[in-house]
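In what follows, a structure is listed as structure tokens, so that the remarks can point back to it.
Only the coordinates and a few stated rules stand behind these numbers; no lab work does. Since this is a predicted model, take the numbers as computed values, not measurements. Here Cβ is always computed from backbone atoms with ideal geometry, including for glycine, and neighbour counts include all displayed protein chains.
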Amino acid sequence: MSNYPISRRTFLAVGGTASLGLAAPAAKNLPVGLELFSVRDELAKDDMGTVRAVARMGYQVVEFFAPYFDWTPQHAREMRKLMDDAGIRCHSTHNNAQNYTAAALPKAVELNQILGSRYLVLASAGRVSGLDGWKKVAGQLTEVSEKLKPAGLRTGYHNHQDEFKPVEGQRPMEVLAANTPADVMLQLDVGTCVEAGSDPVAWIKANPGRIHSIHCKDWSPAPDKAYRVLFGEGVAPWKAIFEAAESVGGVEYYLIEQEGSRFSEMETAQRCLDNWKKMRA
């Protein structure tokens, strides 16, 4: 996730091609969560109160992003107690590349274990040059994957637009998938995939059992909408995405994410969840 300079759009994008009327048939009862970047301003003011409010909305999972790494273990324990009391879980965190260094990884492991997280996800590789550069990223993910196993944790990678844009005739995501072990999660950010001109359904089917979580953020080609459309109101093929994710992708949970919308952060989160429930009914 990096340090989110100005806008996460530097790294992210997201989207789809379906409407609220397309409900996924025989939908599995998988938890839906919120990537807390969606409510970043509220989180910065009151992280405990924000997580409690998100739980009250009906979200079952949260994903913390970069700022969580600055917490003390005591604060993480307080957050875990709040989550336990509220009936909400943290299955994954988004991490900067610096969290993967030898000096920082032990703290990241400790905080994730306290929170009950399963995955430390590398949210952005930053600037990468050429396919050799992406192979180095894959090597880093592989190395961290081995280091996390004794702690009962796994790593993963979260794509953005650039990972789906060909470099030297090959998409970087293909390089990462081919050069990491199967236990490295490929966390699919739908909108960036769609905006980059790739097919998220084909990608899921090409990587069975590795898409353990999906960022459900919509996107519209209309310049005045783009990522400000609510989940379910853009162009992502959600019905087909859900079908592929649940039949072959190995999805364990979904995460709604918004960069912003015409509504406040908290109202946006509520409206997206309402749309989710209609779509999955």
- Message: Between residue 278 and residue 206, what is 0.36 nm times their sequence separation minus the Cα-Cα distance? Round to one decimal in nm.
- Response: 23.1 nm
- Query: Regarding the chain, what whole-number volume in Å³ per residue does the convex hull of its Cα atoms give?
  - Reply: 118 Å³
- Query: Normalised by the residues of the chain, what does the relative contact order come to in percent, with Cα pairs under 8 Å and at least six apart?
  - Reply: 28 percent
- Report the residue, chosen from 60, 113, 161, that carries the largest GNM mean-square fluctuation when the chain is represented by alpha-carbon nodes joined by springs under 10 Å. 113
- Extension length gain for residue 135 and residue 85 (0.36 nm per residue less Cα distance), in nm, is 13.7 nm
- Message: Can you give the local net charge around residue 243? Use residues other than it whose beta-carbon is closer than 13 angstrom to its beta-carbon, Lys and Arg +1, Asp and Glu -1.
- Response: +3
- Note on the structure: Of the residues 161, 241, 31, the Cα lying farthest along the dipole of the chain towards its positive end, which is defined by charges on the beta carbon of Lys, Arg, Asp and Glu, belongs to 31
- Note on the structure: If R0 = 41 Å, then residue 170 and residue 70, at their Cβ-Cβ distance, give a FRET efficiency to the nearest 0.05 of 0.65
- Counting other beta carbons within 10 Å of each Cβ, put 189, 183 in order, fewest first. 183, 189
- Cα-only radius of gyration and Dmax that characterise the range 41-199, units Å: 16.5, 51
- Which order do the peptides 117-123, 93-99, 170-176, 79-85 take when ranked by the mean count of other beta-carbon atoms within 10 Å per residue, highest first? 117-123, 93-99, 170-176, 79-85
- May I ask what percent, to the nearest 5, of DSSP beta bridges between residues of the range 8-280 are antiparallel? 5 percent
- If you add up the charges near residue 279, with Lys and Arg at +1 and Asp and Glu at -1, over every other residue whose beta carbon is less than 13 angstrom from its beta carbon, what do you get? +1
- Query: Gaussian network model of the chain, Cα springs within a sub-10 Å range: biggest mean-square fluctuation belongs to which of 108, 226, 53?
  - Reply: 53
